[in-house]
1. Of the conditions (1) open to solvent by 60 Å² or more (accessible area, probe 1.4 Å); (2) in a helix (DSSP H, G or I); (3) acidic (Asp, Glu), residue 87 satisfies every one except a single condition; which number is it?
2. From (1) closer than 30 Å to residue 13 by Cα; (2) open to solvent by 40 Å² or more (accessible area, probe 1.4 Å); (3) touching a Gly at 6+ places or on another chain (Cβ under 9 Å), pick out the condition that doesn't hold for residue 121.
3. At pLDDT 90 or above, within 30 Å of residue 173 (Cβ to Cβ) and open to solvent by 30 Å² or more (accessible area, probe 1.4 Å), is that true of residue 200?
4. Please go through the stretch 130-147 and pick out each residue that is among the hydrophobic types (A, V, I, L, M, F, W, C), open to solvent by 30 Å² or more (accessible area, probe 1.4 Å) and either under 19 Å from residue 208 (Cβ atoms) or in contact (Cβ under 8 Å) with a residue 24 or more places away in the chain (or both).
5. Got a number for residues in the stretch 171-210 being touching a residue at least 40 places away in the same chain (Cβ under 8 Å) and either over 18 Å from residue 148 (Cβ atoms) or among the polar types (S, T, N, Q) (or both)?
6. Evaluate the stretch 59-73: report whether one residue or more is touching a Ser or Thr at 6+ places or on another chain (Cβ under 7 Å) and closer than 23 Å to residue 126 by Cα.
7. Considering only the stretch 155-181, state which residues are within 16 Å of residue 220 (Cα to Cα), surrounded by fewer than 21 Cβ atoms within 10 Å (Cβ to Cβ) and either in contact with a strand residue (DSSP E or B) (Cβ under 6 Å, 6 or more places away or on another chain) or at pLDDT below 90 (or both).
8. So residue 26 clears everything in (1) without any contact (Cβ under 8 Å) to a residue 40 or more places away in the chain; (2) open to solvent by less than 60 Å² (accessible area, probe 1.4 Å); (3) farther than 25 Å from residue 82 by Cβ except one condition, right? Which one?
Amino acid sequence: MLASVATFVGGAVFSVYDGVHTLVRGEELGDPLVSYIVLGVAFLLEGYPLRTGLRQVRDEAARLGAPVGHYLRRTPDTAVKAVVMEDSAALVGLLLAAGGLLGGQLTGSGVWDGIASVLIGLLLVYVAWVLGRSNAQLLIGRPVTRSMREGIREELLSVPHIIDVLELTTLIQGPAEILIAAKVDFRDASTAEQIEWACEEAEEQLRERYPSVRRVYLDPTPGLRQRKRGPV
């Protein structure tokens, strides 16, 4: 949240202000060679960490069997998302700056540099909004994806003695920490020992399928028909 608000919004305000100032008052064009060299070096320096971040994203997405784009949008690891988005925004910003220089060099007008500066500012605002929203969702508590919820329900129903999942609550608590709480209906004939075994088995199966699962709480709850019938 601090990175989103302070770094990106601050940079966006400065960039937009500089762009508007250039568009209103104009700008004298100098030799763009030094600027091109600086932009080229910056592009190389920003490209290497982006490559490392994308490699990590691809490896994690492959491990979870998810598309790279989907993983990047939904991952609770905000550090990885921040690195990829920061470096991607930096590279796009450098390309926009180079385009502004080239436009000014071809036309002899500083308008192109001003337009590029305003576009860079808008890009920074967008990155700040995406990162801020992701962090805010995790701060207030975000459930797992619908497909993962269905997988969790499927695993619970595959455990012997469990016949229904009445309620299912999930919560992402960290980059690799998921909490699962569920009200489950056990067979009426199941003994206390069998119910204890089923709870342990369900937790083991969930952790095997989803390594990020850290806590599993199962609440034995009678189903609707049993509640209508009442205690025996």
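1. (1)
2. Condition (2) is where residue 121 drops out.
3. Values: at pLDDT 90 or above: yes; within 30 Å of residue 173 (Cβ to Cβ): yes; open to solvent by 30 Å² or more (accessible area, probe 1.4 Å): yes.
Spelling it out, residue 200 is indeed at pLDDT 90 or above, within 30 Å of residue 173 (Cβ to Cβ) and open to solvent by 30 Å² or more (accessible area, probe 1.4 Å).
4. Taking the stretch 130-147 as the starting set, the residues that turn out to be among the hydrophobic types (A, V, I, L, M, F, W, C) are 130-131, 136, 138-140, 144.
From the residues that got through so far, the ones that are open to solvent by 30 Å² or more (accessible area, probe 1.4 Å) too are 136, 138-140.
Passing the criteria: 136, 138, 139.
5. Here the count works out to 4.
6. Looking for residues that are touching a Ser or Thr at 6+ places or on another chain (Cβ under 7 Å) and closer than 23 Å to residue 126 by Cα, one finds none in the stretch 59-73, hence no.
7. Hits for the stretch 155-181 are 161, 163, 164, 165, 166, 167, 168, 169, 181.
8. It is condition (1) that residue 26 fails.
The values are calculated or read from the model by the stated rules, or taken from the named source; none is laboratory data. Predicted model only: the values in this text are computed from it and were never measured. All Cβ positions, glycine included, derive from the backbone under ideal geometry; neighbour counts span all protein chains shown. Accessible surface is based on the protein model in full, side chains and every heavy atom, while ligands, DNA and RNA are left aside. Shrake-Rupley method; radii C 1.70, N 1.55, O 1.52, S 1.80 Å.
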